[in-house]
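To keep things clear, I will list the structure first and then write my remarks on it.
The values are calculated or read from the model by the stated rules, or taken from the named source; none is laboratory data. In this text, all values refer to a predicted model and were calculated from it rather than measured experimentally. Heads up, the Cβs are rebuilt from the backbone with ideal geometry, glycines too, and the neighbour counts pull from every protein chain shown. The accessibility values were calculated without ligands, DNA or RNA, using every heavy atom of the protein model including side chains. Shrake-Rupley method; radii C 1.70, N 1.55, O 1.52, S 1.80 Å.
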Amino acid sequence: MPRTAFLFPGQGAQAVGMAGPLCQSLPAAHALFQEASAALGYDLLTVCVNGPAERINATDVSQPAIFVAGLAALEQLRATEPGAANDVVATAGLSLGEYTALVFAGALSFADGLRVVKARGEAMQAAAEATPSGMVAVIGLEVPDVEALVIEARSAGTLEVANYLCPGNTVVSGSVAAMNRLEEVCQQRGGIRATRLAVAGAFHTNLMKPADEKLAAALAGITINPPRVPVWSNVDARPHADPAEVRGLLVRQVLSPVRWEDTMRGLLAEGVERFYEIGPGRVLAGLMKRVNRKADFRNVTA
């Protein structure tokens, strides 16, 4: 059987209407949303299905929504391909998706994972509101060229590389003034494509500093178990199974760049032959096409 990895999407994969049809057809998926709603204090499924977009895109809502939707999609896979998980040799998630991966791997319970994701989303939303900031995807340039642009544009304010996603797709985060300067530089250099992302703040930079401390406090109150399969960290693009290491890396992840391309190349080098993207959207499939177009990649959507 093919060596398999389960991958889970992060913030930005959300969309109004997600999880509705799945929860109508699959009681196990609906039960996850019911449990989440009781813990969160609002009807999460109704927000996912009906929006409005402004609410589901808010960091403190989108993070629990994507987390629960990913696990609901996992229930769909278990129902349609009961043996798929038997061949999983690794799992990973993009930023927030790392928490979904940890629940799949048994390192976190659903209830504890939701509790931490709720705290993480609220802390990151508060940090974003404290400093007007955001994220910009720079398309079509290699990493050294993007890093040179960042050095030039950060004269206007904080600006850092936040996501190394795939060849030709690098995301930078920073203050509004620095992002404006970056876009100006891109235009001056001949129309380099720079696209603002629909997120509240400069995630994976030092502008999120208050959030990592609040997340550390939330993580201190839960149990992390050794995962059944290795969970690859966004921080160093390596697999980890020691609970203390996992806890520390989750805190570091808030301020550290996401090394997704390195993670995908590492999984391929380890002999992974089949990938499942489990959760809303198809972002990870698109990224993998830029890393290895021939990879066996399957989507289980929510």
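Taking into account only those residues within segment 41-54 that are under 20 Å from the mean Cα position of the chain (by Cα) and under 19 Å from R115 (Cα atoms), which is surrounded by the most Cβ atoms within 10 Å (Cβ to Cβ)? Residue satisfying both the conditions and the ranking: C48. Here segment 55-70 is the region considered, the condition is being open to solvent by less than 20 Å² (accessible area, probe 1.4 Å) and of a type in the set (A, V, I, L, M, F, W, C), and the residue that is nearest to Q11 (Cα to Cα) is I66. For segment 188-237, residues that are touching a strand residue (DSSP E or B) at 6+ places or on another chain (Cβ under 8 Å) and either among the basic types (K, R) or free of Cβ contacts under 8 Å to residues at least 40 places away in the same chain (or both) total 5. Within segment 280-302, the set of residues being open to solvent by 50 Å² or more (accessible area, probe 1.4 Å) and among the β-branched types (V, I, T) comprises V283, T301. Residues that are within 21 Å of I139 (Cβ to Cβ) and free of Cβ contacts under 8 Å to residues at least 40 places away in the same chain within segment 265-285 comprise R265, R282, A285, listed in sequence order.
Counting only residues that are out of contact with any helix residue (DSSP H, G or I) (no Cβ under 7 Å at 6 or more places or on another chain) and small (G, A, S), segment 257-302 holds 6 of them. Considering segment 268-302, the residues that are of a type in the set (D, E) and in a strand (DSSP E or B) include one that is nearest to V16 (Cα to Cα), namely E277.
Residues in segment 96-141 that are of a type in the set (S, T, Y) and open to solvent by less than 20 Å² (accessible area, probe 1.4 Å): Y99, T100, S133. With respect to the conditions (1) in a helix (DSSP H, G or I); (2) open to solvent by less than 50 Å² (accessible area, probe 1.4 Å); (3) of a type outside the set (A, V, I, L, M), D262 lacks only one, and its number is (2). For segment 216-226, the count of residues that are surrounded by 19 or more Cβ atoms within 10 Å (Cβ to Cβ), part of a helix (DSSP H, G or I) and in contact with a helix residue (DSSP H, G or I) (Cβ under 6 Å, 6 or more places away or on another chain) is nonzero.
Listed conditions (1) under 14 Å from the mean Cα position of the chain (by Cα); (2) under 19 Å from G221 (Cβ atoms) are all met by L114, apart from (1).
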